[in-house]
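Peer 1: Below: one structure in structure tokens.
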Amino acid sequence: MNTINYYNPKQGRLPLFITDILDICDPVLAFDKVMEEIGIEKYLKPEPYVKTGRPGYNRVNMLKTVLFGFMDTGYASLRELEDRCKTNIRYMYLMDYETPTYRCFSYFINEEIGESIQDIFKAVMAYIEKEDNVDLQHLYIDGSKFEANANKYTWVWKKATEKSRYRLFSRITELLEEMNKTLAYAGLKIETNAEYTPDSLETILNRYAFICQVDEKNFVSGRGSRKSMEQRYYEKLKKYLEKLQEYVVKIETCGAERNSYSKTDHDATFMRVKKDYMGNDQLLPAYNIQIGVADEYIAVVEVMQYRSDMDCFVPLMEKFNELYRFYPKYPIADAGYGSFNNYLFCEQHGMEKYMKFPMYKKETTDESYHNDPFRAVNFKKNENGQLVCPNGKVFNFAFRKPVKGNQYGRQDEYYICEDCSGCPYAEKCKKADKNRTIRINEELSSMHKEVLDNLESIHGALLRMNRSIQAEGTFGIIKYDRWYKRIVRRGLNSVRLELLLVSIGHNLYKFHNKQQRLQEAA
């Protein structure tokens, strides 16, 4: 055996082409084949007709490099991409030996593919659906809260801001009343109100400055200077105006559907995340990431600012319909998604009800709770259709009350027992001394029964098992196999871009692994 090498690493040697060095089953070759068949170049912006400066990098190669980076490692840091283009033979193959800097990659991601990333995700998923026969009718839904890239102690609470604003209103009124005393000699009076707006307060400030001939250029300050009464009133009112403007901006930034936001990322909402690494059970700035998984692929992903998963179901289904032009037949989700609104939404769009409701586990595993004779749903009815308690007393209809926050006009019916005095079951049946009041919604109760029948069937049991494997398993792969546990970018649109890139990388990673297993089996 000849062990003598007649060359050294600094000399040229064959082969000259990178493809001859790469293994035939290398993931970068399979990835490049998928990108060529999709025609990924059509999702880039058209090149400008007039070019100035040095020639740019090949944009198709840069797009392939970015997507392969997310496929390769789960999340691709821009500095890591720059380093890999210099040292990793796979990235050299995609970039054709060009080495863009991390700033080039940052500009490319934000400016070139920021608007078309949704179309790229859709094109990749359409290719995988065709090649792997993905069943999009069975959609396994789950959500997870990812900590945002925001400082921890930068919260702004809407309710606290509103309370501070109302306290400021009272201080403004007190100040205006003091100012009216000084204006009484001229027969003038400033109108006071219970609430004020920055515009109205600014008008008052300007009129006061005009009437009292107050000029900020002539104001005195510092030791040895005595401010006039008009100057003190003017400065104090101006300070209140600035504070009121600050409160208005905070409330508008928070919006109608949120109660908090972070000062360093206004789109992040403070939520309770599962992993409390600070150990004090405090809320952290986060985003609620919702995914719908079909045959182990992320078919739809959306970034939400809601703390509750119940509010995320309808927007996620609308996003799915936007992508595929239909709704899934079987949306399977855990107990965080079962609500009256979501069940009615499923009925309206031809979807079966396979989302658990909050008391599903207790309803199916606790026999004593399920058969409890003192639950309103277990009360029997007499010949007149009236509810009768175990003591034989009739419950009479009292009133209807709309449910707060319900989008479909849901109303609960309240019934009051005719007489609970001397009842031998009083300790088990009720807690208050008054006659027992029960709340019933027949439509919701029938929906719960339908959900129970669906989920307890053989088909439903298989779907429940698959949901825990696929939806929760996908989050497990993203977080612990591919080490993407925290949001990197700031702002809702940037976070959505980041999650779509991560989802594209996950789908391509899954597709390649499946194809490799099929080849090994063959």
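The values are calculated or read from the model by the stated rules, or taken from the named source; none is laboratory data. In this text the structure is predicted, and so the values were computed from the model without any measurement. Every residue, glycine as well, gets a Cβ built from its backbone with ideal geometry; the counts of neighbours run over all protein chains shown. Surface areas here come from the heavy atoms of the whole protein model, side chains and all, with no ligands, DNA or RNA. Shrake-Rupley method; radii C 1.70, N 1.55, O 1.52, S 1.80 Å.
Peer 1: What does the charge count around Y297 come to, taking other residues whose C-beta lies under 9 Å from its C-beta (Lys +1, Arg +1, Asp -1, Glu -1)?
Peer 2: Net local charge, Y297 excluded: -3.
Peer 1: Which chymotrypsin sites (Phe, Trp or Tyr not before Pro) in the range 422-509 pass both tests, a DSSP loop state and at most 16 other beta-carbon atoms within 10 Å?
Peer 2: Counting only loop positions with at most 16 other Cβ atoms within 10 Å, the chymotrypsin sites (Phe, Trp or Tyr not before Pro) in the range 422-509 are Y425, W483.
Peer 1: Related question: Using Cα pairs closer than 8 Å and at least 6 residues apart in sequence, work out the relative contact order for the range 235-325, in percent.
Peer 2: 17 percent
Peer 1: A further question follows. So how many Lys-Lys pairs in the range 310-391 land under 18 Å Cα to Cα, not counting same-chain pairs under 8 apart?
Peer 2: For the range 310-391, the number of qualifying lysine pairs is 4.
Peer 1: What's the magnitude of the charge dipole for the range 148-282 around its Cα centre, counting Lys and Arg as +1 and Asp and Glu as -1 at the beta-carbon? Answer in Debye, nearest 20.
Peer 2: Dipole size: approximately 520 debye.
Peer 1: Taking Cα centroids, how far is the range 392-420 from the range 441-514 in Å?
Peer 2: 37 Å
Peer 1: Hey, if you put +1 on the Cβ of every Lys and Arg and -1 on every Asp and Glu Cβ in the chain, which of N371, Y415, L499 ends up farthest toward the positive end of that dipole?
Peer 2: Most positive-ward Cα: Y415.
Peer 1: Amide H of V300 versus every other amide H placed in the peptide plane: which residues, excluding those fewer than 5 positions away on the same chain, fall under 5 Å?
Peer 2: G292
Peer 1: In debye, nearest 20: dipole of the chain around its Cα centre with unit charges on the Cβ of K, R (+) and D, E (-)?
Peer 2: It works out to roughly 2100 debye.
Peer 1: Toward the positive end of the charge dipole of the range 196-334, about the Cα centre and with charges on Cβ (Lys, Arg +1; Asp, Glu -1), which of Y208, M304, G292 goes farthest?
Peer 2: Y208
Peer 1: Also, I was wondering about something else. Place +1 on the Cβ of every Lys and Arg and -1 on the Cβ of every Asp and Glu in the chain, take the dipole about the Cα centre, and give the residue among F219, L22, P315 whose Cα lies farthest towards its positive end.
Peer 2: F219
Peer 1: Follow-up question, since we're still on this one. Report D372's accessible area, 1.4 Å probe, all protein chains in place, as a number in Å² to the nearest 10.
Peer 2: Rounded to the nearest 10, that gives 50 Å².
Peer 1: Here are a few candidate values for volume of the Cα convex hull per residue in Å³: [x] 192; [y] 167; [z] 327. Which one was actually calculated from the structure I just gave you?
Peer 2: [z]
Peer 1: What's the magnitude of the charge dipole for the range 216-307 around its Cα centre, counting Lys and Arg as +1 and Asp and Glu as -1 at the beta-carbon? Answer in Debye, nearest 20.
Peer 2: 1080 debye
Peer 1: Over the range 71-179, what is the relative contact order in whole percent, taking alpha-carbon pairs under 8 Å and six or more residues apart?
Peer 2: 14 percent
Peer 1: Ignoring GluC sites (Glu not before Pro) that are buried or in helix or strand per DSSP, and keeping those with at most 13 other beta carbon atoms within 10 Å, what is the longest stretch of the chain between them?
Peer 2: Between exposed loop sites, the widest span is 258-382.
Peer 1: Another one. Can you work out the Karplus-derived ³J(HN,Hα) for every residue in the range 87-104? Use 6.51 cos²θ - 1.76 cosθ + 1.60 with θ = phi - 60°, whole Hz, and x for glycine or proline.
Peer 2: Per residue, the Karplus-derived 3J(HN,Hα) values read 10, 9, 5, 5, 6, 4, 5, 6, 8, 6, 6, 7, 10, x, 7, 5, 5, 5 Hz.
Peer 1: Quick check: the distance between the Cα centres of the range 199-254 and the range 257-331, to the nearest angstrom?
Peer 2: What the calculation gives is 43 Å, centre to centre.
Peer 1: I'd like the accessible area for K449, computed on protein heavy atoms only with a 1.4 Å probe and all protein chains in place. Round to 10 Å², please.
Peer 2: Approximately 130 Å² for this residue.
Peer 1: Of the cross-linked pairs K33/K130; K122/K479; K152/K485; K33/K514; K163/K227; K45/K514, which ones have a Cα-Cα span greater than 21 Å in the structure shown?
Peer 2: The answer is K122/K479; K163/K227; K45/K514.
Peer 1: How much of the accessible area of the chain, probe 1.4 Å, is carbon plus sulfur, in whole percent?
Peer 2: That share works out to 49 percent.
Peer 1: Under 5 Å between amide H atoms, partner at least 5 residues away or on a different chain: which partners does M271 have, H built in plane at 1.01 Å?
Peer 2: Close amide H contacts, sequence-distant or interchain: L284, A286.
Peer 1: What does the charge count near H266 come to, summing +1 for each Lys or Arg and -1 for each Asp or Glu among other residues with Cβ under 13 Å from its Cβ?
Peer 2: The answer is +2.
Peer 1: Net charge within 11 Å of P390 by Cβ-Cβ distance, Lys/Arg positive one each and Asp/Glu negative one each, not counting P390 itself?
Peer 2: Here the count lands on +3.
Peer 1: Quote the relative contact order of the chain in percent (integer), defining contacts as alpha-carbon pairs under 8 Å separated by 6+ residues.
Peer 2: Dividing the mean separation by the residue count of the chain yields 19 percent.
Peer 1: Largest first, how would K86, K64, K356 line up by accessible area (1.4 Å probe)?
Peer 2: Ranking K86, K64, K356 by accessible area, largest first, yields K86, K356, K64.
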